[in-house]
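Novice: Next up is a structure, given as structure tokens.
The values are calculated or read from the model by the stated rules, or taken from the named source; none is laboratory data. The structure presented is a predicted model; accordingly, all values stated were derived computationally and were not measured. We place every Cβ from the backbone using ideal geometry, glycine too, and count neighbours over all the protein chains shown.
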Amino acid sequence: MELVNKFSTKFAQIKKRNKKEHIDIVVRMFFLISTVISASFILIIIVFISMKGIIPFITDNNGIGSVNVIRFLTGSIWLSGTAFQSNLYSVGFIIINTLYIALLSLLISLPLGVLTALFIAKVAPKKLAEFLRTVVELLASIPSIVYGLFGSGVILVFVYNFADVLGIQSKGGNSVMATVLVLSLMTLPTITAISEVSIRSVGKDIEHGSLALGASKTQTNFKVILASAKSGIFASAILGIGRALGEATAVSLVAGNAKSGPTLAFFETTSTLTSTMLEGLKETTGIDYDIRFSVGIVLMVVIMLTNVILNYIKKKVGNVDVK
Amino acid sequence: MSNKRKLKDCFYQTITYFAAFIAVATLSLIFLFVFINGYKLLDFGLLTNDYYATFYNGALEEGYSFSSTLKPDSLSEDVHYSEKWGLGLVDDKDREGNSIIIIEYVAEDSPLLLMYNKNSEEGIESIEFIEGQLISKIAYFDKGTSLTRTGAKVMISDLDSTETIREIVYSSLGGGIRGSIITTFYLIGITIAIALPIGIFTAIYLNEFAGKNKITNILRSLIEVLTGVPSIIFGLMGLAVFVPLTIKFTQADSANLISGSFTLAVILLPVIIRATEESLKIVPDSLRESSLALGANHTQTTFKVVLPSALPGILTATLLAIGRVIGESAALIFAIGTAVKDDISIFGKSTTLSVHIWSLMKDEPANIELASTIAIVILMIVLTLNIIIKLISKRFIRDLG
């Protein structure tokens, strides 16, 4: 009875407010719900992929036996034994492959990207800079599958011939080198665009100060401006490596999908977490299907840890104030 | 300036030029590669044809009369023509590069027009026999079969020397990408219909309604995190969440267009939210304040004053989203699958242009030519979208000063 009373007074209160305010509250609630839905997806992703990915470790997978976590994370052969009958899955070497490839591709794309950004922001004449900016935008908008197509049509051939000249047999060009080249091309526009913004936002006073002290234009660009834009450049590197770690289709076309490793030699086939997930799509049940989600968990953790570590380094390094 | 320093400066200057050159070279190389490999197959038929050829087994009933049409002047030298059967054939290559024989001309009084479908279960069924189809086999009663590899010339001379035909196996020209194009359009439509309202409402809430407090910050950063998630992870989510949901609540029994659209919608949410918020931020506060001062409430102000001013930004967001849908591949491999289909149902398996490229390249041997042709189509659409976005944002900046 008390509850009803309370409710009716509340209702009367609401009724007293004018109609406009009433609508406001409803609309506001509606918008809030949309926002909560948008925000909840990341949680849904984490919960559902974890739920599926954990199955191979905690159940006995229809009599095959559960997957050993330690072995899974440290082993050097993707699957020992026959598919559908074995629980001996390992991604240890694939984790190393993935990080190795991402790092190598960053070693190419970061210097290239930063130099291109510097060229666009400081060196090039206005018209040329505008043109290059458009080029970078276009590169950024090309879908990754087209990079993959380009990779398997051009870069594989190039790598194959290059290896041939060196006297090395490569498996049709499918190799660490091809993967690294494709990934560095794909991360180049991201790194260039973000570095350029941070280079342009370096204060004029710093630049003028350097010039007034007698440094040449080029010295200023390389020693003062790049140093001041450090934190933005680092941010672009973090984004670039994130893209390199998560790229799937293009990599799966040029990596060669090695089943054991880790592969450190440039001309040997390799595999990444993403390319492994795209293999063997025919299974639809059982451990061979669920293991894909386990690899997904590993990928998410790898990306998260890389981000945390790099952000920590960035805080240590990027101490110059950038507007 | 000392000489050494000048030299050093010059060196540094040169490497920046070199770096910038690489970006330009990459872009030109990609375009060149795609066009050189793909332009041969680029024609209207590619866009409208089915991927799988339909085969017919035609046979003739007794009592037909031979054609008496002479070879028309419009037919070129390459066309081999049989006066008796009123049939002109020509050698050609299909999209996979195999030799084929195409029907170039069928005379109006050709007896072959009376053919019925031999394999039909519903009695005698007449079938189409038209120009553009390809003949793979003609079998006779009195001699050996003529096949595609013998060429059009031999086929015609075989035809001319016989009175009866046991069977003609012919088919439509397959290898088209109509199915993938339709799927892509469906996917764009459904995805935008899901993602756009949620994204816009979220942006409005975050920018117009939300208080500056901890909860808002948490919501904002949860959405922000989505941008860093690789698309293959979204694909896994689609497989784990949306595919089972659609199977449960619709007639679908596998990965389907709806589950693909939902997955893409999640991918697009942060893109749409960010672009919309950017455009909402540009709307000057004085507009909001004047509207509120005139007695409008918050809702009216948002819908009638703020949103119209932010419309170009929302349009940009939509176009960005379309570009993303067309280019997305990794997530869709999981969320709608890789099966190339000709009959598209939103509850069935099918595949988009990007995934089509992926499956063509994963085949042994890879079909680089058809893949490049599809890539041309994709690049054209993406480029056009880019240009439109540029024009809109230029106008937008000009209008708002």
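Novice: Would you confirm whether or not segment A:177-185 contains a residue that is away from chain B (no Cβ under 14 Å) and out of contact with any Phe, Trp or Tyr (no Cβ under 6 Å at 6 or more places or on another chain)?
Specialist: First pass over segment A:177-185, keeping only residues away from chain B (no Cβ under 14 Å): A:177, A:179-180.
In the following step, the residues that additionally are out of contact with any Phe, Trp or Tyr (no Cβ under 6 Å at 6 or more places or on another chain) were identified as A:179-180.
Checking segment A:177-185: at least one residue is away from chain B (no Cβ under 14 Å) and out of contact with any Phe, Trp or Tyr (no Cβ under 6 Å at 6 or more places or on another chain).
Novice: If we scan segment B:328-349, do we find a residue that is in contact with a Ser or Thr (Cβ under 6 Å, 6 or more places away or on another chain), among the polar types (S, T, N, Q), under 28 Å from B:Asn98 (Cα atoms) and touching a residue at least 60 places away in the same chain (Cβ under 8 Å)?
Specialist: The answer is no; no qualifying residue exists.
Novice: Would you say A:Phe72 is assigned to a helix (DSSP H, G or I) and closer than 22 Å to A:Val197 by Cα?
Specialist: Criteria not met by A:Phe72.
Novice: Take the residues of segment A:28-59 that are exposed (fewer than 15 other Cβ atoms within 10 Å of the Cβ) and among the hydroxyl-bearing types (Ser, Thr, Tyr): which is farthest from A:Ser294 (Cα to Cα)?
Specialist: A:Ser40
Novice: From the set of residues in segment B:357-398 that are free of Cβ contacts under 8 Å to residues at least 60 places away in the same chain and more than 29 Å from A:Leu253 (Cα to Cα), which is nearest to the other protein chains (Cβ to nearest Cβ)?
Specialist: Taking the candidates together, the pick is B:Lys390.
Novice: Still on this structure, please answer the following. Quick one: A:Thr220 ticks every box in (1) of a type in the set (S, T, N, Q); (2) more than 30 Å from A:Asn257 (Cα to Cα); (3) within 14 Å of chain B (Cβ to nearest Cβ); (4) within 29 Å of the chain's Cα centre (by Cα) except a single one, so which number is it?
Specialist: (4)
Novice: Scan segment A:235-253 for residues that are more than 10 Å from chain B (Cβ to nearest Cβ) and either modelled with pLDDT under 90 or closer than 30 Å to A:Thr82 by Cβ (or both) and jot them down.
Specialist: A:Ala235
Novice: Name every residue in segment A:115-163 that is hydroxyl-bearing (Ser, Thr, Tyr), closer than 16 Å to A:Ala255 by Cα and under 24 Å from the mean Cα position of the chain (by Cα), in order of residue number. Give the derivation first.
Specialist: So the first thing to find is which residues in segment A:115-163 are hydroxyl-bearing (Ser, Thr, Tyr), and the list is A:116, A:134, A:141, A:144, A:147, A:152, A:160.
From what's left, closer than 16 Å to A:Ala255 by Cα: A:144, A:147, A:152, A:160.
Those that are hydroxyl-bearing (Ser, Thr, Tyr), closer than 16 Å to A:Ala255 by Cα and under 24 Å from the mean Cα position of the chain (by Cα): A:Ser144, A:Tyr147, A:Ser152.
Novice: Something else about it: When only residues in segment B:339-351 that are polar (S, T, N, Q) and surrounded by 19 or more Cβ atoms within 10 Å (Cβ to Cβ) count, which is modelled with the lowest pLDDT? Don't jump to the end; show me each part of the working.
Specialist: First, the residues of segment B:339-351 that are polar (S, T, N, Q): B:345, B:350-351.
From what is left, the residues that are surrounded by 19 or more Cβ atoms within 10 Å (Cβ to Cβ) are B:350-351.
On the way: B:Ser350: 83, B:Thr351: 86.
If we take residues in segment B:339-351 being polar (S, T, N, Q) and surrounded by 19 or more Cβ atoms within 10 Å (Cβ to Cβ), then B:Ser350 is modelled with the lowest pLDDT.
Novice: Test A:Leu213 against the criterion of being surrounded by fewer than 22 Cβ atoms within 10 Å (Cβ to Cβ) and at pLDDT 90 or above, and give yes or no. Let's see the steps before the verdict.
Specialist: Numbers: surrounded by fewer than 22 Cβ atoms within 10 Å (Cβ to Cβ): yes; at pLDDT 90 or above: yes.
For A:Leu213, the condition - surrounded by fewer than 22 Cβ atoms within 10 Å (Cβ to Cβ) and at pLDDT 90 or above - is met.
Novice: Also, I was wondering about something else. Taking segment A:220-257 on its own, how many of its residues are farther than 18 Å from A:Met300 by Cα, in contact with a Lys or Arg (Cβ under 8 Å, 6 or more places away or on another chain) and of a type outside the set (Ser, Thr, Tyr)?
Specialist: So the count comes out to 6.
Novice: Moving to a separate point now. Going by the conditions given, is B:Lys248 surrounded by fewer than 18 Cβ atoms within 10 Å (Cβ to Cβ), more than 30 Å from B:Ile336 (Cα to Cα), in the same structural domain as B:Ser221 (by TED's automatic domain parsing) and among the basic types (Lys, Arg)? Break it down into steps so the answer makes sense when it comes.
Specialist: Working: surrounded by fewer than 18 Cβ atoms within 10 Å (Cβ to Cβ): yes; more than 30 Å from B:Ile336 (Cα to Cα): no; in the same structural domain as B:Ser221 (by TED's automatic domain parsing): yes; among the basic types (Lys, Arg): yes.
Answer is no for this residue.
Novice: Spot the failing condition for B:Ser354; the list is (1) modelled with pLDDT under 90; (2) within 14 Å of another protein chain (Cβ to nearest Cβ); (3) surrounded by 24 or more Cβ atoms within 10 Å (Cβ to Cβ), and only one is missed.
Specialist: (1)
Novice: Could you please give the count of residues in segment A:60-86 that are modelled with pLDDT of 80 or more and closer than 20 Å to A:Leu273 by Cα?
Specialist: So the answer is 13.
Novice: I would also like to ask the following. Which residue out of B:Gly174, B:Gly199 is more than 14 Å from chain A (Cβ to nearest Cβ) and either in a loop (DSSP other than H, G, I, E, B) or of a type in the set (Gly, Ala, Ser) (or both)? So that I can check it myself, show each step before the final result.
Specialist: Values: B:Gly199 fails: more than 14 Å from chain A (Cβ to nearest Cβ).
Step by step, each of B:Gly174, B:Gly199 is checked, and only B:Gly174 is more than 14 Å from chain A (Cβ to nearest Cβ) and either in a loop (DSSP other than H, G, I, E, B) or of a type in the set (Gly, Ala, Ser) (or both).
Novice: Same structure, new question: Report, ordered by the first and then the second residue, all pairs with beta carbons closer than 8 Å, sequence separation of six or more or different chains, a first member in segment A:60-77 that is surrounded by 13 or more Cβ atoms within 10 Å (Cβ to Cβ), and a second member that is in a loop (DSSP other than H, G, I, E, B) and of a type in the set (D, E, K, R).
Specialist: Going by the 8 Å Cβ cut-off, the qualifying pairs are A:Ser66/A:Asp60; A:Ile77/A:Lys259.
Novice: For residues in segment B:202-250 being part of a loop (DSSP other than H, G, I, E, B) and without any contact (Cβ under 8 Å) to a residue 12 or more places away in the chain, which is farthest from the other protein chains (Cβ to nearest Cβ)?
Specialist: Filtering segment B:202-250 for residues part of a loop (DSSP other than H, G, I, E, B) gives B:210-213, B:228-230, B:250.
Next cut, without any contact (Cβ under 8 Å) to a residue 12 or more places away in the chain only: B:210-213, B:228-229.
Numbers: B:Ala210: 8, B:Gly211: 11, B:Lys212: 15, B:Asn213: 13, B:Gly228: 6, B:Val229: 7 Å.
Restricting to residues being part of a loop (DSSP other than H, G, I, E, B) and without any contact (Cβ under 8 Å) to a residue 12 or more places away in the chain, the top hit is B:Lys212.
Novice: Filter segment A:269-289 for residues that are part of a helix (DSSP H, G or I) and more than 10 Å from chain B (Cβ to nearest Cβ); which is modelled with the highest pLDDT? First the steps, then the outcome.
Specialist: At the first step, the residues of segment A:269-289 found to be part of a helix (DSSP H, G or I) are A:273-277, A:287-289.
Now narrow it down to the ones that are more than 10 Å from chain B (Cβ to nearest Cβ): A:276, A:287-288.
Values: A:Thr276: 89, A:Ile287: 80, A:Asp288: 80.
Selected residue: A:Thr276.
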